[in-house]
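The block underneath contains the structure these notes are about, expressed in structure tokens.
The values are calculated or read from the model by the stated rules, or taken from the named source; none is laboratory data. Fair warning: this is a prediction, and the values are worked out from it, not measured in the lab. Cβ: placed from backbone, ideal geometry, glycine included. Neighbour counts: every protein chain shown.
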Amino acid sequence: LQKFLNIKLFVFLLCMVGCIEGAAVNGIVNIILTTLERQFSLPSSQSGLIVSSTDIGAVIFVLFVSFIGSKGVRPKWIGGGTFIMALGSFIFITPHIFQGEYDYQSIGGGGGNKTVCDVNNVETCTTRSGSGMLYVFMLAQFVHGIGFTPMFTLGTAYVDDNAPTESTALYLGLIYAITALGVAAGFLGGGQTLNLWVDFDRTEDLATIESTLSPMSPVWVGAWWLGFVITCIAFFIFAIPVWGYPKNLPGTKHIRESRKTDADREREEKEKNDTRSTKQKVLDFPKAIFALLRIPIYIILNFGACAETLIIGGLSAFAPKILEEKFNILPADAGLIMGAVTIGGGAGGMVLGGFLIKCLKLRLRGMLRLCFLMSFLALLVGAGFFINCPESEFAGLTNSYPGDSAMSSDSLAGTCNTDCACNTLQYEPVCGKDSITYFSACHAGCSYNYTEEGMTTTFANCSCIMVRSASDPSATSGECANSCQIVWLFVILLFAGMLFTFTTVTPASMAILRCVPDEHRALGLGLQWVMLRLLGTIPGPVLTGYVIDQSCGLWQDFCGERGSCWVYDRTQMSWRLFVWWVCVKVFSGVLFLISSCLVKEADYDDKELEMEKSTKKSVENGTTKPDQAGTVNASYTNDDSDKVVVNGNDPGYESMSTNL
């Protein structure tokens with residue numbers, strides 16, 4: 001087995017774990033949110049909590065894992081974290097195991113839309129069930145967040161310690177790139193599983209269900225749990241070999257010695273001569289925090305980055321839902337689109353940011369101005385939110401009932417169906433010959449159904465349709481088709497928005513390193529990591545879900561308690577998302593602009609020139625290899641030579657590629 005103890009195989013294992021983590025935490029979860037809302041009657045503001053719970057777990061445990069884990073056998077911590085992620089995926093499956101079969105007829109659909117106009121109809125009140133599963137999903141994501149923390153903290157440090165200098169950047173880049181590909185795979189695979197009925201593994205009426213419902217039916221619930229069965233097994237399989245790696249690989253000591261610079265040796269000498277007690281060092285921690293908080297550029301730049309993360313964290317969670325609602329597309333198609341946007345917009349943006357810095361030879365002020373420019377360009381493409389298929393005509397919501405001059409306080413009631421005693425327990429939409437969607441055949445005033453052909457039921461003698469279409473007052477089950485081909489224009493603008501937003505990642509990360517004292521770089525990046533989550537990725541999905549909820553035109557009702565949204569007002573959704581996008585982009589852009597104006601360019605130029613001269617001198621003296629030139633290395637070394645390495649990478653932004 002000794003032949004397997006090499007860094008290449010370990011990097012491969014980390015790539016696989018990162019790929020599975022990206023798929024489970026940020027791909028599958030985001031594509032199934034709409035399905036979870038439907039089955040468990042959740043509004044979007046609550047389903048957003050599921051997405052946020054991942055970063056809550058990470059924030060709580062990151063300092064503990066980074067500090068304690070760095071003193072132990074890091075592969076065992078990473079392997080243990082992978083086992084924990086397997087547990088998180090299993091917890092995500094448990095609602096399907098213990099909830100029982102999904103009764104779609106109690107929600108709507110009825111298998112044939114049999115609810116017709118009848119004076120003997122009785123409206124009853126049903127209570128909400130299954131909403132408690134929200135906390136199970138939140139727990140699952142919380143556990144996922146705990147599990148992936150060792151990989152992106154201890155894992156990168158382990159690779160840096162055990163890989164040759166010329167290969168470190170390549171290996172770390174591969175890990176992050178494969179993780180981003182995992183997110184795309186999660187969108188694609190998760191979307192495909194939603195084409196399968198949620199209970200295909202245990203229902204006895206699968207043929208009947210598939211003959212009466214389709215993935216486009218308003219009550220269809222796909223197999224949202226299936227993807228987590230796969231990730232649970234995959235996490236468990238790859239956790240075992242990762243767990244078996246030693247604290248250090250053969251040749252690690254030689255690699256560490258060969259990459260030491262004069263600055264590293266000077267720092268080690270200072271640490272040896274440091275006679276302060278542990279208590280004094282602990283007391284220095286809040287002092288260092290306050291020192292960072294007194295740097296205006298650092299604070300302003302962090303708030304700008306938090307704003308960017310806020311909008312990306314929210315939109316990445318609900319982009320599939322937005323596509324489904326605005327363009328009437330299947331979840332599988334939404335997953336395909338988001339997979340492409342994730343790879344091109346997210347990964348491409350970060351590469352573009354680094355390319356522009358290198359080609360334009362940007363210093364601190366130039367980097368901040370680049371961030372401002374990208375925020376401004378992203379703001380402009382926000383106009384794409386106004387692109388959607390034409391608003392469907394819906395009786396009682398967008399249109400008054402025939403014969404009524406205005407909509408009543410009970411918007412679903414009209415003079416043409418007052419004698420029908422209709423209830424709103426089941427959402428069973430029908431499309432009338434007048435091309436208007438009605439809540440049910442009863443609300444259309446239909447007295448009976450006369451044919452059933454596959455998934456379509458036809459209703460006749462519909463009093464509300466008779467006024468507009470006297471020759472054929474009939475309706476068919478399902479909403480009126482209102483698809484269009486302009487979804488690709490929206491996708492292009494969404495891609496551009498993601499590209500411009502992620503282009504700020506690299507310059508903002510490097511700017512953070514430039515504006516803090518050398519001795520506080522690692523702490524400055526760690527503090528930013530926490531801020532990006534507390535003010536960005538945690539509240540982002542919840543706030544975006546709230547914005548989407550405000551555009552709901554018709555809510556599922558459980559004795560006065562709201563469930564999920566049945567029908568959205570597309571125009572309202574467009575306006576609210578546009579305003580939300582513009583407000584956040586203006587805020588971040590202004591902060592980037594202010595920070596660029598606060599830069600005393602001469603001071604920072606001198607600092608950068610000193611760094612370049614120091615590096616050049618080290619190269620000439622043979623203490624630094626040429627391939628190390630220009631690399632910022634903020635690290636600390638303990639007695640066991642374990643170190644946490646930053647290497648110019650902002651850990652706060654590393655996971656932004658997985659937030660798509």
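Meeting the requirement of 1 or more residues that are surrounded by 19 or more Cβ atoms within 10 Å (Cβ to Cβ), in the same structural domain as Phe558 (by TED's automatic domain parsing) and under 40 Å from the mean Cα position of the chain (by Cα), the helices (runs of 4 or more DSSP H) wholly within region 410-526 are 487-503, 505-514. Restricted to region 532-576, and to residues there that are under 23 Å from Ala395 (Cβ atoms) and basic (Lys, Arg), the residue that is surrounded by the fewest Cβ atoms within 10 Å (Cβ to Cβ) is Arg562. Screening region 45-87 for residues that are among the β-branched types (Val, Ile, Thr) and within 30 Å of Ser551 (Cα to Cα) and picking the one that is farthest from the chain's Cα centre (by Cα) gives Ile56.
Does Leu352 satisfy being surrounded by fewer than 20 Cβ atoms within 10 Å (Cβ to Cβ) and in a helix (DSSP H, G or I)? Quick ask: steps written out before the conclusion?
On the way: surrounded by fewer than 20 Cβ atoms within 10 Å (Cβ to Cβ): yes; in a helix (DSSP H, G or I): yes.
In short, yes.
Do any helices (runs of 4 or more DSSP H) lying entirely in region 139-253 carry at least 3 residues that are outside the structural domain of Glu325 (by TED's automatic domain parsing), surrounded by fewer than 23 Cβ atoms within 10 Å (Cβ to Cβ) and in contact with a Gly (Cβ under 6 Å, 6 or more places away or on another chain), and which ones are they? Lay out the reasoning, then the answer.
On the way: elements: 156-162, 165-193, 206-212, 226-243.
Once the helices (runs of 4 or more DSSP H) in region 139-253 are filtered for at least 3 residues that are outside the structural domain of Glu325 (by TED's automatic domain parsing), surrounded by fewer than 23 Cβ atoms within 10 Å (Cβ to Cβ) and in contact with a Gly (Cβ under 6 Å, 6 or more places away or on another chain), nothing remains.
State yes or no: is Phe67 over 13 Å from His144 (Cα atoms) and in a helix (DSSP H, G or I)? Show your work before the answer.
Details: over 13 Å from His144 (Cα atoms): yes; in a helix (DSSP H, G or I): yes.
Spelling it out, Phe67 is indeed over 13 Å from His144 (Cα atoms) and in a helix (DSSP H, G or I).
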